[in-house]
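Here the structure comes first, spelled out in structure tokens, and everything after it is commentary.
The values are calculated or read from the model by the stated rules, or taken from the named source; none is laboratory data. Note that this is a predicted model, so its numbers are computed, not measured. Backbone-built Cβ (ideal geometry, glycine too); neighbour counts: all protein chains shown.
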Amino acid sequence: MQAGQPTPTTAAPASRWQRILSYRLLLVLAVVIFGLDQVTKLWIIERMPLGSYGPGESITVIPGFFYLVHVGNTGAAWSMLTGKSTLLAFIAIITLAGIYFFRSTLGLRDRLAQIAFGLLCGGIVGNLVDRIQHQHVVDFLDFHFGSYVYPTFNVADSAICVGVVLYLWHSFKTQPAAVAEKS
């Protein structure tokens, strides 16, 4: 080392809490989404019997457009894999483990990625709890667009969809920058 040059410093390794806190936005958002999802589902469960759907059984929020119902979905989005709730619970657990183990590769230190995965994780855990507790997911948001009836969904489903869209946007936004750096 030459005189007049600063001595290189080695940073102390981050403690476990520091590493956990670097994902605080993701964790807080996941807990908020999970809580909101479970509170809304509990409200529906306490007020409407399972299978409440259609005139006289649903709660009209906006006539001809938005209703609250109480249905059980043993499948995934749009009732795909209906009756495979155990398989879907297993897939949810594998997905959460994958997110944890590949967090560096997924870029989860980035703020937008943390928001996307906070929404995803909160939604996945919310629906996973339903599958374990009720053997189906509690769906209650029912929208009608003229003669088209959109598949009934819940807060967790909404969070998952928004999380996926945000992460795709984040991926497309950061990919050109990564390619430009390599050039």
| Residue among LEU88, LEU96 that alone is closer than 16 Å to ASP139 by Cβ, outside any loop (DSSP other than H, G, I, E, B), at pLDDT 90 or above and not acidic (Asp, Glu) | LEU88
| request: Taking THR60 as meeting all but one of (1) over 16 Å from the mean Cα position of the chain (by Cα); (2) outside any strand (DSSP E or B); (3) exposed (fewer than 13 other Cβ atoms within 10 Å of the Cβ), write down the number of the exception. | output: (2)
| query | Within the set of pairs 6+ apart or on separate chains, which have a first residue in the stretch 58-78 that is without any contact (Cβ under 8 Å) to a residue 60 or more places away in the chain, a second that is in a helix (DSSP H, G or I) and surrounded by 15 or more Cβ atoms within 10 Å (Cβ to Cβ), and C-beta atoms under 8 Å apart? | reply | GLY75/SER85; GLY75/LEU88; ALA76/LEU88
| remark: Residue pairs within 9 Å by beta carbon, gap of at least six or interchain, first lying in the stretch 104-115 and closer than 12 Å to TYR167 by Cβ, second part of a loop (DSSP other than H, G, I, E, B), listed first then second, are LEU108/SER22; LEU108/TYR23; LEU108/PHE102; ALA113/LEU106; ALA113/GLY107; GLN114/TYR23; GLN114/LEU108
| Of the criteria (1) free of Cβ contacts under 8 Å to residues at least 60 places away in the same chain; (2) assigned to a strand (DSSP E or B), which one VAL39 fails | (2)
| query | Taking TYR150, is it aromatic (Phe, Trp, Tyr), surrounded by fewer than 21 Cβ atoms within 10 Å (Cβ to Cβ), within 29 Å of LEU50 (Cα to Cα) and without any contact (Cβ under 8 Å) to a residue 40 or more places away in the chain? | reply | yes
| Within the stretch 57-77, can you find the residues that are out of contact with any Lys or Arg (no Cβ under 9 Å at 6 or more places or on another chain) and more than 20 Å from GLY122 (Cα to Cα)? | GLU57, SER58, THR60, VAL61, ILE62, PRO63, GLY64, PHE65, PHE66, TYR67, VAL69, VAL71
| query | For the stretch 107-121, does any single residue satisfy the condition of being at pLDDT below 95, in contact with a Leu (Cβ under 9 Å, 6 or more places away or on another chain) and assigned to a loop (DSSP other than H, G, I, E, B)? | reply | yes
